[in-house]
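See below for the structure under consideration.
The numbers here are math on the coordinates, done by the rules we state, and not lab data. Note that the structure is predicted; figures quoted are calculated from it, not measured. Please note: Cβ atoms are built from the backbone with ideal geometry, for glycine as well, and neighbour counts cover all protein chains shown.
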Amino acid sequence: MVRCALILAAGNGSRLQRRGNDIPKPLREVCGLPLIHRTILSAKKAGVTRFVIVVGYMQETIRAALTQANLGVTIEFIENKDWKKSNGVSVLAAKDVLKENFFLLMSDHVFDFKILERFGKAGLGAADAKLAIDYQTSKVFDIEDATKVLANEGQIQSIGKNIEKYNAIDTGIFLVSPALFDALGSIYQQKQNCSLSEGIQVLANQGKMGTFDIEGGFWQDVDTKPALKEAQKQLLNACRKPSDGFISRHINRPISLFVSSLLMKTPLSANQITALVSVIGLFSGYCVAKGDYWNVAIGGLLFKLSSILDGCDGEISKLKFSESKLGQWLDTLSDNLTYIVFIIGVVFGVANRGNPHIVILGTLTLFGLAMTLLIMFTYLLRNTNSGSLIALQNDFKKLDSQSSVKKFFGKIQFMIKRDFFALVFFCLALFNQLEAILWAILIGTNLIWMVLLNTKMGLFRSGSVIPKHNI
């Protein structure tokens, strides 16, 4: 595991400067976080704990911002007085403090932390350094400005912005040994300047410069305003989940991502957003409890709206690296509190319409709800380290059981996803079918708890069938 990273943050980034040069490039925000904060937190998620940051232009501003941020890592600053020279000089500035293998990162690049995780596990092997490269050149934004790489059998043959033959793009993510300092030093002695690409080429000529395929992982060099917009677009898209249902993918998620693109510019935390969305959900229950058409229709709309906006807290926490188990539990509890209040509201709404069977229907519905929640939360507390019900869904899919019940439930599982039933309830509310909503909830909740017990997932046994894990 690689625990140290060198980050270059000395240049002035003139192409991304705002009027008046009021803020250094590493502190320009992308999706609510300064670029360099995002670089550090991404590497932190990959296991890096020590950061050496080379500063130059507006260094006091950068030092102050990182010191105040309290990112939970060790940060050492090194000044490059010759910051106007090529970036290889900034690398050389850290020669005396880095004696082990380390990641070399750019303060103006955003990337998926999983790239670093895989890169660190792969290691250097026989190479003195490796560069993470992207073979999907057709998908690279602004390829004219990108640094091109010609690679063959895991080795770099040539590198540069203007080389004619290339088959990959430099992502700005390196894993290097101190041998890189020697390569750069030899060039610097000759001309009192050196670029990182020149040092890489020296190692490549020696057959010691390897490559690491990012395999489609997300990254973006943020050098210009168009590139900054592209980075924000890609980061927002990365918030989509493989578990999203059809309705979520095509309706909920596009809307929630748009709202999140506005919320990320505010100081609101993910937990505060959870609370605000909960208010909308709770009010939906109050409305349907009235029983008259307009209140039922408004209640159905608010329930669907809370379903859509429910994605915003998770999106903001991912964009701002504020994910936590507390946040997972708050989200899960607020979601289920919304369900409880809405369902109770439906029961009262049907009662206010004078349904003669409401006592029986209401009792069976609330019993099904109570049993479902009891089983789900018992499973979360005893069998996982997560506060998200996604953990239970994932474990259900992993079960070896081939029972007809599991197969049947697997086919209709999309119906118990919030994106689906919230839309169904909204449509039924528009057509004033409150009794139909009650019947759907009654059948659905009682079916869920019976199926979960039938699958024998170890809910009430002392041991766990499936190992504890984090979500």
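Summary value for region 239-454: 28 percent relative contact order, contacts being C-alpha pairs under 8 angstrom separated by 6+ residues.
With the highest mean first, a sort of the peptides 356-365, 325-334, 340-349 on other beta-carbon atoms found within 10 angstrom per residue produces 340-349, 325-334, 356-365. Once P(r) over Cα pairs in 10 Å bins from 0, in percent is calculated for the structure shown, the corresponding label among [x] 4, 13, 16, 15, 13, 11, 8, 7, 5, 4, 2, 1, 1, 0, 0; [y] 4, 17, 19, 14, 10, 12, 13, 8, 3, 1, 0; [z] 4, 17, 24, 20, 15, 12, 6, 2, 0, 0 turns out to be [z].
Listed from fewest to most Cβ neighbours within 10 Å, the set Met264, Met1 follows the order Met1, Met264.
Which shape class, rounded, prolate or oblate, goes with region 282-391 when its Cα gyration tensor gives a ≥ b ≥ c as root eigenvalues, a/c under 1.5 marks rounded, and past that a/b bigger than b/c marks prolate? Oblate, because a/c is 1.5 or more while a/b does not exceed b/c. Across region 4-221, the relative contact order, built from alpha-carbon pairs under 8 Å that are at least six residues apart, equals 24 percent. Expressed in units of 2.2 N^0.38 Å, where N is the residue count, the Cα radius of gyration of region 4-221 is 0.95. Listed from fewest to most Cβ neighbours within 10 Å, the set His250, His37 follows the order His250, His37. Seen against the Cα atoms of the chain and their longest principal axis, helix 35-45 is set at about 70 degrees. Mind scanning Lys81/Lys233; Lys44/Lys191; Lys45/Lys233; Lys99/Lys121 and naming the pairs with a C-alpha gap bigger than 30 Å? In this structure, Lys81/Lys233; Lys44/Lys191 lie more than 30 Å apart at Cα.
Let me check against my output: what whole-number percent is the relative contact order of the chain, with C-alpha pairs under 8 Å and at least 6 apart? Result for the chain is 13 percent. Classification of region 1-120 by its C-alpha gyration tensor yields an oblate form. The axis ratio a/c (a ≥ b ≥ c) is 1.5 or more, and b/c is at least a/b.
Counting 0.36 nm for each residue step from Asp22 to Val424 and taking away their Cα separation leaves a gain of 139.6 nm.
Treat the count of other C-beta atoms within 10 Å as a stand-in for reagent exposure and order Val259, Val296, Val30 from fewest to most.
Ascending number of Cβ neighbours within 10 Å: Val259, Val30, Val296.
The spacing between region 257-284 and region 160-177, judged by their C-alpha centroids, is 41 Å.
DSSP beta bridges fully contained in the chain are about 50 percent antiparallel. The local environment of Glu153, defined by Cβ-Cβ distances under 15 Å, has a net charge of +1 under the rule Lys, Arg +1 and Asp, Glu -1. Against the chain, whose longest principal axis is taken from its Cα atoms, helix 113-122 shows a tilt of about 60°.
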